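Everything on this sheet refers to the single structure shown next.
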Amino acid sequence: MRVGQGGTGPGAHTRDGSAVELYEVTPAHGEDELIDAAIAPRSSILELGCGTGRITRPLLARGHQVVAVDESPEMVARVTETETVCSTIDELRLDRRFDVVLMMSFLVNVADDAERLRLLRTCAHHVRPGGSVVLQQEIARHAPAVLEDDRRKLVIADVEDLPGGAQAATLTHIVHGRSWSQRIVTKYLSEDELATQLAEAGLHRTGYLSPDRMWVRAQLS
Ligand SMILES: C[S@@+](CC[C@H](N)C(=O)[O-])C[C@H]1O[C@@H](n2cnc3c(N)ncnc32)[C@H](O)[C@@H]1O
């Protein structure tokens, strides 16, 4: 289990506390559409932290080629439609480069600066010159909340400010009477902080995929 993180609820959990069964029943929320609109048709994509393939499958359906990576064998086992690699992102070094390296799900907001740099170096290692690294980042600090629609409920609780600008929070997802809780630790990054770390990894930000700046595009420097 990663430091400061954990998960409870039915089924297997990953080292970062993500529940396999929760992601299995969670649909895409337009992420694939947004990514598809920002990249060339039939792109080769390296997806880092693919989980159960929630976004992998829609990207494949849109005609892209995806290599899906996750450190969790239980997650990777759910992705049967394309090539998968079971590896930590930090240690991944494939002998291939891709049109797009996708690292979503706020993985870039890992609280440990050294680990974030290792993740970004993996992104830089695998993107081809002229290709895009696409990151999904946190754009707001957490606050206690209950978000609900007719199918699912998300409770954000026990929000705690940690030294160094990081925050911990407990996210509880309730879907069809089943409940999963995950303690997350995230660090919100200012534009300058992210720019500095991208530069250390040999990347630079070239734009955003969305007006709210949640989706960042970076390229090799
Ligand atoms: C919150 S889940 C999201 C999965 C998927 N991106 C989605 O949106 O459905 C995060 C996934 O990233 C994986 N992950 C987190 N940190 C990782 C790391 N350093 N190396 C490899 N996988 C990692 C976890 O195992 C988990 O499956």
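The values are calculated or read from the model by the stated rules, or taken from the named source; none is laboratory data. Only a predicted model underlies this, so the values are computations on that prediction, with no experimental measurement involved. Positions of Cβ are generated from backbone atoms using ideal geometry, with glycine treated the same way; all protein chains shown enter the neighbour counts. With ligands, DNA and RNA removed, areas are computed over all heavy atoms of the protein, side chains included. Shrake-Rupley method; radii C 1.70, N 1.55, O 1.52, S 1.80 Å.
Condition test on Thr84, is it touching a Cys at 6+ places or on another chain (Cβ under 8 Å) and on the phi < 0 side of the Ramachandran plot? For Thr84, the condition - touching a Cys at 6+ places or on another chain (Cβ under 8 Å) and on the phi < 0 side of the Ramachandran plot - is met. Cβ-Cβ distances below 6 Å connect the following pairs, each with a first residue in segment 139-159 that is farther than 8 Å from Ala169 by Cα and free of Cβ contacts under 8 Å to residues at least 12 places away in the same chain, a second residue that is in a strand (DSSP E or B) and open to solvent by less than 70 Å² (accessible area, probe 1.4 Å), and a separation of six or more residues or different chains: Ala145/Ile156; Val146/Val155; Leu147/Leu154. Search segment 18-50 for residues being in contact (Cβ under 8 Å) with a residue 60 or more places away in the chain and among the polar types (S, T, N, Q), and hand back the single one that is farthest from the ligand (Cβ to nearest atom). Among those that are in contact (Cβ under 8 Å) with a residue 60 or more places away in the chain and among the polar types (S, T, N, Q), it is Thr26. Where strands (runs of 3 or more DSSP E) fall wholly inside segment 1-87, the ranges with 3 or more residues that are over 24 Å from Phe98 (Cβ atoms) are 6-8.
Among the candidates Leu117, Leu102, single out the residue that is on the phi < 0 side of the Ramachandran plot, crowded, with 21+ Cβ neighbours inside 10 Å and either of a type in the set (A, V, I, L, M) or in a helix (DSSP H, G or I) (or both). It would help to see each step written out before you state the result.
On the way: Leu117 fails: crowded, with 21+ Cβ neighbours inside 10 Å.
Every option except Leu102 fails the conditions.
Highlighted here are the strands (runs of 3 or more DSSP E) found entirely within segment 125-221 that include at least 3 residues which are in contact with a helix residue (DSSP H, G or I) (Cβ under 8 Å, 6 or more places away or on another chain): 127-136, 178-187, 203-208, 215-220.
Residue under question is Arg15, and the condition is that it be open to solvent by 50 Å² or more (accessible area, probe 1.4 Å) and touching a residue at least 12 places away in the same chain (Cβ under 8 Å); does it hold?
Numbers: open to solvent by 50 Å² or more (accessible area, probe 1.4 Å): yes; touching a residue at least 12 places away in the same chain (Cβ under 8 Å): yes.
Criteria met by Arg15.
Please verify whether Val69 is out of contact with any Leu (no Cβ under 9 Å at 6 or more places or on another chain) and within 11 Å of the ligand (Cβ to nearest atom), treating the condition exactly as stated. First the steps, then the outcome.
On the way: out of contact with any Leu (no Cβ under 9 Å at 6 or more places or on another chain): no; within 11 Å of the ligand (Cβ to nearest atom): yes.
Against the criterion (out of contact with any Leu (no Cβ under 9 Å at 6 or more places or on another chain) and within 11 Å of the ligand (Cβ to nearest atom)), Val69 does not qualify.
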